[in-house]
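Encoded as structure tokens, the structure appears first; notes follow it.
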Amino acid sequence: MRLLVTGSNGQLGRAIGNALEAADAPSAYEGCAVDWVDLPDLDISNAEAVSKWFEAHEAYDAVINCAAFTNVDGCEADFPAAFAANALGPMNLAWACASQGATLVHVSTDYVFPGNVPGERTEADVPAPISAYGRSKLAGEGLAMAANERTHVVRTAWLYGDGKNFVRTMLGLGKTHDQVTVVDDQLGNPTFAKDLAHEILRIALSDSYGVWHCTNEGTCSWADLTEAAYELAGVDCKVNRCSSADWKRMNPQSADRPAFSSLKNGHLEQTIGNQMRPWREALGDYLG
Ligand SMILES: NC(=O)c1ccc[n+]([C@@H]2O[C@H](COP(=O)([O-])OP(=O)(O)OC[C@H]3O[C@@H](n4cnc5c(N)ncnc54)[C@H](OP(=O)(O)O)[C@@H]3O)[C@@H](O)[C@H]2O)c1
């Protein structure tokens with residue numbers, strides 16, 4: 001088995017590395033040869049660079065694309081750069097995969113949904129993003145599936161792991177402030193990169209191609225997540241709750257975010273099984 005992991009220095013890329021070495025890694029990956037790559041060695045938005053990379057390496061069985069422009073507010077300011085990384089990048093990888101019969105696992109987001117309906121979104125729900133990030137990611141989903149029929153699109157949400165993320169930022173603020181103000185009217189599924197990486201390795205072995213939702217179980221707000229992180233990490237800091245409208249007034253350049261973007265892991269449940277645990281348990285593992 002030969003694997004390529006792009007965006008390998010990001011939170012998810014690192015988690016894939018750990019998942020491959022974990023005792024519970026699927027046995028199909030035993031002795032697997034993995035190429036790891038990130039900027040500046042491979043810019044996935046550069047079609048020529050991607051095709052040269054594939055020409056220079058032995059054929060892959062699967063490619064796991066963890067590379068993305070993930071700064072949601074930054075995408076509003078530079079849509080061409082967001083589209084290059086989040087839409088053209090996965091298309092370039094998918095096209096290269098198709099030329100050698102490889103599977104592509106491409107990671108996407110809950111932000112493809114508008115978030116105007118309470119409850120959980122299924123893979124059959126119609127996306128309609130409200131941010132530049134969401135639009136670039138939705139385009140990437142479609143382009144990747146169009147370019148390679150063996151494409152898995154794995155939508156996740158509110159990811160934290162080894163890297164810059166909301167939980168780490170709030171823990172840092174909690175140690176230097178008596179109180180913080182956090183949005184409490186956006187609901188989603190905090191997801192530990194370790195758990196997502198484990199599921200991605202299982203999804204990559206499936207031939208049930210298409211869209212998968214994959215988040216830790218249970219829904220909360222950013223304020224709930226902050227309080228849980230402080231409680232579990234023993235940080236003494238008060239969480240003041242605010243609305244998205246208040247946040248937007250304080251940060252007018254920030255991107256709009258969906259109010260309800262919880263995902264239901266339906267495809268997992270119906271096929272290889274849903275091994276994602278409740279978000280609080282996963283957060284405890286992260287902070288433990
Ligand atoms: N983080 C979240 O809360 C969240 C939520 C839902 C979905 N997702 C999705 O989950 C996936 C993994 O996210 P993550 O949090 O692990 O991201 P991350 O930590 O930001 O890592 C992304 C990696 O991709 C690299 N990269 C950016 N543009 C690239 C390009 N054009 N070519 C090659 N590499 C490039 C980045 O390098 P630089 O650091 O040098 O830019 C970084 O190493 C992404 O598809 C993201 O959209 C994330």
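The numbers here are math on the coordinates, done by the rules we state, and not lab data. Everything numeric here is computed off the predicted structure, so don't read it as measured data. Here the Cβ is made from the backbone with ideal geometry for all residues, glycine too, and neighbour counts use every protein chain on show.
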Close lysine pairs (the chain; alpha-carbon distance under 27 Å; 8 or more apart or on separate chains) counted at 15
Over all viewing directions the Cα convex hull of the chain casts an average projected area in nm² of 14.3 nm²
One finds the C-alpha centres of region 60-84 and region 211-288 to be spaced, in Å, by 21 Å
For region 175-187, Karplus-derived ³J(HN,Hα) couplings (6.51, -1.76, 1.60; θ = phi - 60°; whole Hz; x for glycine and proline) come out as 7, 10, 10, 7, 8, 10, 10, 9, 5, 10, 10, 10, 10
The size of the Cβ-based charge dipole (Lys, Arg +1; Asp, Glu -1) of region 1-138 about the Cα centre, to the nearest 20 debye, is 220 debye
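Between Ala81 and Arg2, what FRET efficiency comes out of the Förster formula 1/(1 + (r/R0)^6) with R0 = 41 Å and r the beta carbon distance, rounded to 0.05?
Efficiency, from the Cβ-Cβ distance: 0.85.
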Interchain or sequence-distant (5+) residues whose placed amide H lies within less than 5 Å of the amide H of Arg277 are Glu217
If the chain between Tyr209 and Ala124 were fully extended at 0.36 nm per residue, the gain over the current Cα-Cα distance would be 29.2 nm
In debye to the nearest 20, the charge dipole size for the chain, taken about the Cα centre with +1 at each Lys and Arg Cβ and -1 at each Asp and Glu Cβ, equals 420 debye
Candidates Leu39, Leu159, Leu12; GNM for the chain (alpha-carbon contacts under 10 Å) flags as most fluctuating Leu39
Along the dipole axis of region 179-288 (charges at Cβ: +1 for Lys and Arg, -1 for Asp and Glu; origin at the Cα centre), the most positive-end residue among Ser254, Leu283, Cys242 is Ser254
About its Cα centre, region 65-137 carries a charge dipole, from +1 on Lys and Arg Cβ atoms and -1 on Asp and Glu Cβ atoms, whose size in debye to the nearest 20 is 200 debye
